[in-house]
1. Here is a list: B:Asn311, B:Asn297. Which entry is away from chain A (no Cβ under 14 Å), free of Cβ contacts under 8 Å to residues at least 12 places away in the same chain and of a type outside the set (A, V, I, L, M)?
2. Look at segment A:211-232 and say how many of its residues are hydrophobic (A, V, I, L, M, F, W, C), away from every other protein chain (no Cβ under 14 Å) and under 15 Å from A:Tyr314 (Cα atoms).
3. Could you tell me how many of the residues in segment B:349-363 are part of a loop (DSSP other than H, G, I, E, B) and either more than 18 Å from the chain's Cα centre (by Cα) or under 18 Å from B:Lys65 (Cα atoms) (or both)?
4. Restricting to segment A:273-294, what's the tally of residues that are more than 9 Å from chain B (Cβ to nearest Cβ) and crowded, with 24+ Cβ neighbours inside 10 Å?
5. Does segment B:254-272 contain any residue that is assigned to a loop (DSSP other than H, G, I, E, B), within 21 Å of B:Leu390 (Cα to Cα) and not polar (S, T, N, Q)?
6. Checking the conditions here, which among A:Leu165, A:Leu142 is within 28 Å of A:Asn86 (Cα to Cα), more than 24 Å from the chain's Cα centre (by Cα) and in contact (Cβ under 8 Å) with a residue 24 or more places away in the chain?
7. Might you check whether a residue that is more than 17 Å from A:Tyr313 (Cβ to Cβ), surrounded by 15 or more Cβ atoms within 10 Å (Cβ to Cβ) and either under 17 Å from the mean Cα position of the chain (by Cα) or free of Cβ contacts under 8 Å to residues at least 12 places away in the same chain (or both) occurs anywhere in segment A:194-210?
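The values are calculated or read from the model by the stated rules, or taken from the named source; none is laboratory data. Predicted, not measured: the structure shown is a model, and the values here were computed from it. Neighbour counts are summed over all protein chains in view; Cβ atoms, including those assigned to glycine, are modelled from backbone coordinates with ideal geometry.
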Amino acid sequence: MIDSISGKTPSRKKGWTRREWRYFWLGLVFASPWIIGFLIFTVYPFFSSLYFSLTEYDLFNPPRWVGIDNYKAIMEDRSFYKSITNTLFMAFISVPITLFSSLLIAMLLNFKVRGINYYRTMFYLPAVIPGVASALLWTWMLNPDFGLVNMFLRWVGLPDPAWLLDPRFTKPSLVLMGLWGSGAGALIFLAALQGVPQTYYEAAQVDGANWWHRFWKITVPALSPIILFQLIMGLIGAFQIFTESYILAGGKAGSGSSLGGPGQSLLFYAVNLYQEAFIHLKMGYASALAWILFIIVMLITLLVLKTSKRWVYYGGE
Amino acid sequence: MKRKGSIWGLVFVLLLAILSGCGGKKTAGSGSESGEPAGGDAKKEPVELSFWYGWTGTEAAALEKLIRKWNDIRPDIRVKGLSQSDYQKQLTAITGGNPPDIASNFGQDVVPWGERGAMMPLDDYIKKDNVDLGDFVPAALSSSQSDGKTYALPIAMHVSMLFYNKELLEKAGLNGPPETMGQLKEYIAKLSVKEDGGKLQRLGLWPGVDAFTFSYAYGGSYYDAENKQVTPDNAGVKAAVEFGKGIWDQFGSKELDRFASGLGQYMSPQNPFFTGKYAMTIDGEWLPTFIKQYAPNLQYGIAPIPYDENNPSLKHPGNVTTSVFYIPKGVKHPDESWKFLKWLTEPEQMAEFTAAIGNLPTRTSLQQHEIYKDVPGFQEFLQYSSSPNLHSFPATSFSAEYMTEFTTQYNAILRGEVGVDEGLKRVKDKIQPLVK
């Protein structure tokens with residue numbers, strides 16, 4: 001907490017005085033509800049899942065140590081690779097598209113026109129709707145025969161795909177659904193946009209910059225910390241994607257039907273993990289999956305942060 | 001910023017680990033809930049049992065009626081029913097040490113859960129109270145048994161038969177339903193209708209249909225218990241997969257996806273079989289009740305599943321699935337739980353419940369029961385349920401994974417992503433290591 005917000009705590013050469021120690025302990029006591037909760041509900045599960053990932057564990061019998069067998073088995077599991085591919089598609093296709101559309105919406109909502117507050121509300125509304133409800137709603141929107149999307153496509157004379165039934169179109173369907181919810185991201189962009197000093201634009205205009213220059217040289221750099229934030233949150237969200245697939249891919253698991261939709265095209269990482277843990281009762285294996293996911297997300301986040309030095313500008317620097 | 005990733009990761013593993021954390025408290029948690037002394041039957045306070053079942057709506061109401069009946073005759077054991085169709089909740093309750101006293105589940109979960117110790121073996125009780133297991137349909141009971149242990153008793157069973165649209169068959173000049181798999185193939189070709197440039201208008205039979213049922217039509221088997229080998233590459237299973245693949249390829253994924261996208265909801269008058277989009281379908285004993293409700297004018301017939309013409313001994317094949325009652329591990333009053341479970345599966349209660357919800361009874365002695373006289377289509381199904389060629393998917397600790405993987409590869413085979421042999425080999429490679 002301390003380091004990222006206020007820099008660093010002032011360091012001293014001497015040890016603490018008695019009084020400072022007293023405050024230190026008192027502070028700890030006051031913070032203890034959080035500390036204890038953190039230890040019990042975060043730190044302990046964190047390490048126990050690491051332990052379980054090295055065991056064979058089915059919930060009912062005591063875990064049996066198997067070393068790195070789970071990790072080895074994962075490396076040979078076709079469903080694992082399928083789920084990674086599907087998930088990366090969402091991370092690298094859906095996230096940038098949604099990000100861009102959020103930015104676009106934010107810029108539109110930044111115009112000072114009459115009734116702008118209503119527009120802003122309208123675009124934000126989808127973000128208020130719970131995931132399950134919006135997924136169910138979209139099954140109707142994307143219904144190939146009576147759905148609004150295909151009605152529109154037919155009207156303009158474009159091909160009308162079988163969206164959620166055709167393995168080639170299931171993920172694009174999810175991208176579409178994500179776009180619908182981009183108002184949430186737009187709100188954050190909007191707040192940032194309003195913090196960009198108008199003087200920059202005025203100065204640029206005086207110097208003869210056109211709208212593209214103003215966008216690319218002022219708006220984007222000024223928003224870059226927000227873009228970075230949204231990019232990382234979006235990537236993390238993409239790796240977590242579950243609800244949409246669980247609802248859209250239909251049918252409960254069991255009785256021989258598998259999760260993941262037509263041709264396993266919606267078998268995302270979290271869906272695969274859920275299936276291994278709660279349907280196949282392989283908690284050890286699932287814990288190993290969780291750890292691999294953790295490492296992947298951390299690597300990707302680090303990579304993004306590393307490259308961000310080249311394109312993110314902080315106002316204070 | 002780095003923190004964001006790790007917090008998220010922590011939250012994620014937390015989910016897994018909460019369950020495991022609860023697992024450790026199993027012994028400490030039990031018995032602490034109501035303060036009632038466990039065991040000992042000479043007390044005035046009635047024992048209260050919680051009963052979780054997966055049925056909802058009118059089906060749940062039928063079960064509640066039975067529960068009221070029990071509470072009237074046994075005031076010393078009060079049962080409280082709870083409609084709880086999320087079976088993962090049972091898992092968490094059992095590992096958390098606070099399970100329901102009796103619960104329902106699907107037959108295919110029994111052995112995977114039972115062998116891992118989540119369900120109480122009932123054999124001692126069965127022996128003590130002389131429950132005649134011989135009265136149960138073998139294919140239905142076998143899904144609850146493994147290694148000489150019975151983990152649950154089946155209350156209802158399902159089996160599929162062939163439904164055909166009489167008008168459409170007549171129009172195509174076909175006399176009566178197909179009897180063999182060879183005939184079925186011809187029927188499908190004749191009954192499927194394509195219009196303007198190959199657009200499918202009607203299908204003889206949806207080719208993605210249940211490979212399990214057809215495997216038994218070809219005498220297939222999924223597990224060789226003697227040699228401890230999973231056998232997805234068994235000749236019968238392979239023949240069933242090839243049959244599905246053969247029909248699928250007549251039309252192609254693209255055309256079938258387009259066709260499927262225009263099909264109506266299953267539980268509605270737009271059910272493709274009701275509207276004539278399917279000329280035939282393979283479905284369970286509940287379908288006649290739906291037809292009565294949604295398409296009362298449909299002229300249809302019910303016929304046995306076709307069998308391999310080269311092997312007449314395989315006549316009347318079928319895939320059986322069940323709904324069961326079981327006692328979770330760690331219950332406080334196992335004796336009382338058993339008394340209630342035993343009572344529920346007695347012929348009288350089973351007849352009342354299965355007739356009310358339109359499911360087949362699992363006791364052969366009930367197959368002639370007059371309570372089913374008015375259930376549409378039941379005479380055909382009751383008769384069929386005594387066929388010796390009915391099987392259920394082999395009950396093993398890995399059957400859930402086996403069925404998932406088989407279904408996944410079957411779909412991949414249909415869609416041409418993998419060849420038949422290679423697909424079935426993948427199933428074998430993935431599942432065989434799980435055999436112990």
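1. Working: B:Asn311 fails: free of Cβ contacts under 8 Å to residues at least 12 places away in the same chain.
B:Asn297 is the lone residue from the list that is away from chain A (no Cβ under 14 Å), free of Cβ contacts under 8 Å to residues at least 12 places away in the same chain and of a type outside the set (A, V, I, L, M).
2. Residues that pass the stated criteria total 4.
3. Quick first cut of segment B:349-363, residues part of a loop (DSSP other than H, G, I, E, B) only: B:358-359, B:362.
Subset that is either more than 18 Å from the chain's Cα centre (by Cα) or under 18 Å from B:Lys65 (Cα atoms) (or both): B:358-359.
Final tally of qualifying residues: 2.
4. Going through segment A:273-294, the residues more than 9 Å from chain B (Cβ to nearest Cβ) turn out to be A:274, A:284-285, A:288-289, A:292.
Of the ones still in play, those that are also crowded, with 24+ Cβ neighbours inside 10 Å are A:284-285, A:288-289.
Final tally of qualifying residues: 4.
5. Our first condition is that a residue be assigned to a loop (DSSP other than H, G, I, E, B); within segment B:254-272, this holds for B:262-272.
Then drop every residue that is not within 21 Å of B:Leu390 (Cα to Cα), which leaves none.
The answer is no, given that none of the residues of segment B:254-272 is assigned to a loop (DSSP other than H, G, I, E, B), within 21 Å of B:Leu390 (Cα to Cα) and not polar (S, T, N, Q).
6. Values: A:Leu142 fails: more than 24 Å from the chain's Cα centre (by Cα).
Exactly one of A:Leu165, A:Leu142 is within 28 Å of A:Asn86 (Cα to Cα), more than 24 Å from the chain's Cα centre (by Cα) and in contact (Cβ under 8 Å) with a residue 24 or more places away in the chain, namely A:Leu165.
7. Kept after step one, since they are more than 17 Å from A:Tyr313 (Cβ to Cβ), are these residues of segment A:194-210: A:194, A:198, A:202, A:205-210.
Next, from what is left, pick out any that are surrounded by 15 or more Cβ atoms within 10 Å (Cβ to Cβ): A:209.
Those left that are additionally either under 17 Å from the mean Cα position of the chain (by Cα) or free of Cβ contacts under 8 Å to residues at least 12 places away in the same chain (or both): A:209.
Yes, segment A:194-210 has at least one match.
Every residue, every condition in (1) at pLDDT below 90; (2) more than 14 Å from chain B (Cβ to nearest Cβ); (3) buried (at least 17 other Cβ atoms within 10 Å of the Cβ), yes or no:
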{"position": "A:Met90", "(1), (2), (3)": "no, yes, yes"}
{"position": "A:Ser101", "(1), (2), (3)": "no, yes, yes"}
{"position": "A:Ile105", "(1), (2), (3)": "no, yes, yes"}
{"position": "A:Val113", "(1), (2), (3)": "yes, yes, no"}
{"position": "A:Pro126", "(1), (2), (3)": "yes, yes, no"}
{"position": "A:Ala133", "(1), (2), (3)": "yes, yes, no"}
{"position": "A:Met141", "(1), (2), (3)": "yes, no, yes"}
{"position": "A:Gly181", "(1), (2), (3)": "yes, yes, yes"}
{"position": "A:Phe189", "(1), (2), (3)": "no, yes, yes"}
